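Okay, structure first, notes after.
The values are calculated or read from the model by the stated rules, or taken from the named source; none is laboratory data. Please read these numbers as outputs of a predicted model, since none were measured by experiment. Every residue, glycine among them, receives a Cβ derived from its backbone with ideal geometry; neighbour counts consider all protein chains shown. Ligands, DNA and RNA are excluded from the accessible area calculation, which covers all protein heavy atoms including side chains. Shrake-Rupley method; radii C 1.70, N 1.55, O 1.52, S 1.80 Å.
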Amino acid sequence: MSTVSISRFTPSTMPEDLLERLFVVRQPILKRLMDRVANLGTTPSPHHTLLVGPRGAGKTHIISLVYHRSKKLIAQGSGFQIAWLPEDPWTIMSYRHLLSEILRAINPDQRPQSRDEAELDAQLRAVIKENGPILILAENFDQILDAMGEQGQQKLRHLLQTGSNILIIGSTTRLDRNLSDHSHPFFGFFDTIRLTPFSPEEARKMLVALAIEGKDDRLKNKLSDDATLSRICTIAHLAGGQPRLWALLGSALTVEQLDHLAELLLSRFDDLTPYYQEQLARLSPQQRLVVAELASADRPLSVKELAGRIGVDQRSVAKTVGDLTDRGWLEPVSTIFADLLDRRRTYYELAEPLARLAFQIKESRGEPLPLVIDFLINWFDADQLCASDKSAYGQVALMEMEQDEVGGLVRQLTSLPDSRAPSLDLLGRVEDALAAISDGDAEPIMSLPSTLRQAIEHRAGSSLNIAPIRLELLESALEEVGDVPRRQSSAEWVSRAERLDREVRSSGSRLMLVRWLAASWRFDEAGAALDTILLEEDKLMGANTVARAYLSTGLLHQAIILFEQTLADSERILGPDHPDTLDSRNNLASAYQNSGRLEQAIPLFEQNLADRERILGPDHPDTLTSRNNLASTYRFAGRLEQAIPLHERNLSDRERILGPDHPDTLTSRNNLASAYLSAGKLEQAINLFEQNLANQLRVLGPNHPCTTLFRDNLARAKEARN
C-alpha cells in the first residue's frame, strides 16, 4: 500500500489528475457547469451559478476541476480567460477590491496600479473586449457580497447585466440574506446547485476511489461487501454525508490496531476542533445555546422542542434557528419520510455533526472522547473490541456497546453481529412509530435517535417498504418474551401483530400473528388463524410454533399430535433432508423425551444425527446439537455406555471449534460431568464441574443463573463422593 498525499482541507492544492481520479458521484453537476463554460460569450444570458453546501461538501473540489478543464478548453482554442479568486476572500472588501482581484487573477504578473473604481471597471471591460470573456471562479461568494455591501452589489450586478461576457461560478455555505432577500440586488439572480450529502452507497464509492489511489487492494475488496456498506451506514451520522469528513474517517479504515486507530482519530479531530471553536465563538449566546442543544441531542429537533429545552420564547428561537441555518450551522433534516411530516413543523440538525467536537473537547477532561467511542462502536464488532485488551478506548467502547440497546437494534437492522439485545419497550416504540408511518404520520419516527432512524431508512429504501422491518421487530420481541407469556406485554404485542396483519394481509404477517397467539397461550385463536394460512411452508412453521407452545405449557399430548402431523407434512412437502424437516423430527423427539417415551425419542434423535452429519458435516453447530440431544436421551434412558462417548466427542469438538469458554462448550462440559456422575465416575465428574464453575465465574460472573446451576452440580457430586 502506498501513501497518498490528499489534502483534506485544501483540494485546490492537489494535482489535476489526482482530483479527477478521486472525483465521484457528482459528475452530472460538473458536466452542467462545463456546458455553461463552453457557452460563455455565445449566449445572451450566462447562467451564473452558485454551488451551495456546508464546509467539506466538495465545493472546492468541483471548482478546482472546472478550473483545470477550462484551461484545457483554452488550450484547445476557446477564447476566454479565467479569474480564480482566493478561496478565503479576506482582501475583497469592496467592489473596487473585487475588480482589482479579478484583474490580478487574469494576469498575476501585472498588478492593477489604479485605486480608482471607475478606472478599474473600465480596465476590466477593455481586457474583456481585447482578450475575450472571463470565467470568474469565486469561492465563499457570500462573504464577498457581504463585504461589498448593497451599493457594491448593485455595481457588480450592473457589470454582469451589461454584457454576456462574464460568467460567475461560485460557492457558498449558505444562501444568506444577500441572496435570499427580495430587497437585495442578487435575489434570484444565480442558479443554485445544492450539494446534497453523500448516501452510504455514494460514500462507499468515494472510499473505494481512495483505496484504489492508495493501492490498497485489501481495503478496496473489503469495501465491496454488504457488511462493510452496513458499517458505513452506522457511521453516517458522524460524517453527516460530507465528502471531506468521509475522507477523514476513511483514512482510519486501514488501521487494524484499536489503540493506533484511536490515536489517528484523535489527531484528525484535533485538526478540526480549533476551526469549530473559533466559529462557535462568533455566535451570540442564544445561538451557541441552540447549537449546544442540538449537539447534545441524539435526534433532530423542531423549533418548538428547542424552545422548550432551552427555556426561550418560541418566536425568538425561530429567528435564531433561521439565522443559524443561513450561517451554515443548522440544516433541515433530510429524510425519506419528509412527505409524511407536518409541513408546519421543520426538524433541524447540525449541518456538520463533527461540530460536536467544540463541546466534547472542552467537556472530556481527560476522559475518552465520545466521538471516537461512537466510531469504534459502530465500526467494530464486540469480539474485535474484546480482543483489544491493550486499548483503553476499545475497552470503553465495549462497555458502551454492552449497555447500548439502541446501538444493538441498529446493528440488527443493518445485519451486523448483535451486541446488546434491545428491550421490549424499545422494540415496541419503534414498531409503533413504523405503524404510524403506515397511517401517513412520520412524526413519531422523528423522535427516534438519528442512528436508528437512518438504519430504518437504509432498510426501507425509496419505496418505503417497512413491512419486513416490522415483521423483524415482532420476531425480536417474540424471542425476548420467551416461552412464558408476560400478560401485559404479550397482549400488547398480539395487538401489534393483529394490526400488522390487517395492514399487510400476507402469509408472513398471518404466520407472525399465529406465533404471537401461540406464545401467549391463546391456542384456540392460534389454531383458527393457522387454518387461514394458505402457503404450505408457512403453515408448517406455524404448526410447529403452536406445538412448541403446547410443549412449554406441559400439554404434551396436544404437542405430540401436532408434531407428528407436522413431521409427516414436512417430509411430504419439503423432503426428508430439508432443514425444516430435520427440525420437525427433533421437535417430535424432544416431545417424546419430555413425556417419558424415550424408546420412541431415541430412534428419531439417531436418525437426525446421522442425517445432519451426512448433510451438514460433523462440525456444524446443528450437528453438535443433535449429538448432544441423542447423548442426553441415552443418559436419561440409562444407556451411559452410549451417552458418555457422544458427550466426550461433543466437548472435544466444541472446545476445538468454539473455544473453552463459549457458553455451548460450558454446557457440553456440564453434560459430560453429569454423565460421569450418573456412571459413578465421581472424580472425573468433580474435575469437570470445578473447571466449569471457574470458567463460568470468570466469563459470566457469580450471579448468572448457569453459575448457580454449576455450583449446585459440583456440590451434588462432592456429596455423592462423601
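Here are the numbers for the structure shown:
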| item | result |
| --- | --- |
| HN-Hα J in Hz across the range 339-347 - Karplus 6.51, -1.76, 1.60, θ = phi - 60°, x for Gly and Pro | 5, 9, 8, 5, 5, 7, 10, 10, 9 |
| Sequence-distant residues sharing a close amide H with Tyr348 (under 5 Å, placed H) | Leu301, Ser302, Val333 |
| Cα convex hull of the range 641-682, projected area averaged across orientations, nm² | 2.6 |
| Amide H partners (placed H, <5 Å) of Leu50, local residues excluded | Gly170, Asp191, Thr192, Ile193 |
| Whole-number accessible area per residue in Å² for the range 410-516, which is evaluated in the context of all protein chains at 1.4 Å | 41 |
| By average C-beta atoms within 10 angstrom, highest first, the peptides 283-295, 335-347, 664-676 | 664-676, 283-295, 335-347 |
| Calculated FRET value between Ser284 and Arg111, using beta carbons and R₀ = 45 Å, to 0.05 | 0.70 |
| Ratio of the Cα radius of gyration of the range 565-612 to 2.2 N^0.38 Å, where N counts its residues | 1.07 |
| Trypsin sites (Lys or Arg not before Pro) restricted to the range 575-662 and DSSP loop, no more than 16 other C-beta within 10 Å | Arg597, Arg639 |
| Cα-based helix-to-principal-axis angle, 450-460 vs the chain, degrees rounded to 10 | 80 |
| Å² per residue, accessible surface of the range 143-202 at 1.4 Å | 46 |
| Inverse of mean 1/r across different Cα pairs in the chain, Kirkwood, Å | 30.7 |
| With Cα atoms, 0 to 90° folded angle of helix 640-658 axis to the chain main axis | 10 |
| Phi to ³J(HN,Hα) by Karplus 6.51 cos²θ - 1.76 cosθ + 1.60 over the range 623-635, Hz, x for Gly, Pro | 5, 4, 5, 4, 5, 5, 4, 5, 4, 5, 5, 4, 5 |
| Whole-angstrom gap from the range 145-175 to the range 590-641, using each part's C-alpha centre | 82 |
| Linear extension gain, His260 paired with Lys718, 0.36 nm per residue minus alpha-carbon span | 159.9 nm |
| Residues with amide H under 5 Å from that of Gln81, placed H, sequence gap 5 or more | Ile134, Leu135 |
| Between the range 366-441 and the range 85-131, the alpha-carbon center distance in angstrom | 56 |
| Nearest 10 degrees, 0 to 90: helix 507-519 Cα axis against the chain principal axis | 50 |
| Cα-based radius of gyration of the range 167-295 once divided by 2.2 N^0.38 Å, which approximates compact folds | 1.35 |
| Mean shadow area of the range 49-154, taken as a quarter of the surface of its Cα convex hull (nm²) | 7.2 |
| Residue among Asn713, Asn671, Thr623 farthest towards the positive dipole end of the range 590-721, charges placed on Cβ | Asn713 |
| The chain: calculated mean residue ellipticity at 222 nm from DSSP helix runs of at least 4, using -39500 (n - 2.57) | -20500 deg cm²/dmol |
| Extension gain, Ser463 back to Thr91 (0.36 nm per residue minus Cα-Cα distance, nm) | 129.0 nm |
| Within the accessible area of the chain (1.4 Å probe), percent carbon and sulfur | 49 |
| Local electrostatic count, Tyr676, Cβ distance below 10 Å [Lys/Arg +1, Asp/Glu -1] | -1 |
| In sequence order, calculated HN-Hα J values of the range 82-99 (Karplus, 6.51, -1.76, 1.60; Hz; x Gly/Pro) | 10, 10, 9, 6, x, 4, 9, x, 5, 7, 9, 10, 7, 4, 4, 5, 5, 4 |
| Theoretical FRET efficiency, 1/(1+(r/R0)^6), r = Cβ-Cβ of Ile212 and Lys72, R0 22 Å, to 0.05 | 0.40 |
| Ordering of 562-571, 679-688 by burial proxy (mean other Cβ atoms within 10 Å per residue, highest first) | 562-571, 679-688 |
| Ordering of 372-378, 64-70 by burial proxy (mean other Cβ atoms within 10 Å per residue, highest first) | 372-378, 64-70 |
| Links that overshoot a 25 Å alpha carbon limit, given the list Lys129/Lys155; Lys59/Lys205; Lys59/Lys222; Lys59/Lys304 | Lys59/Lys222; Lys59/Lys304 |
| Full-extension gain in nm, Ser423 to Arg194, via 0.36 nm per residue minus C-alpha separation | 78.4 nm |
| Förster radius 56 Å - calculated FRET efficiency between Ala568 and Ser652 (Cβ-Cβ, nearest 0.05) | 0.95 |
| Residues of the range 182-214 with amide N under 13 Å of the 7 Å Cα→Cβ point at Glu150 | 182-187 |
| Cross-link reach list, lysines versus Lys681, counting only Cα pairs under 23 Å and skipping chain neighbours closer than eight places | Lys718 |
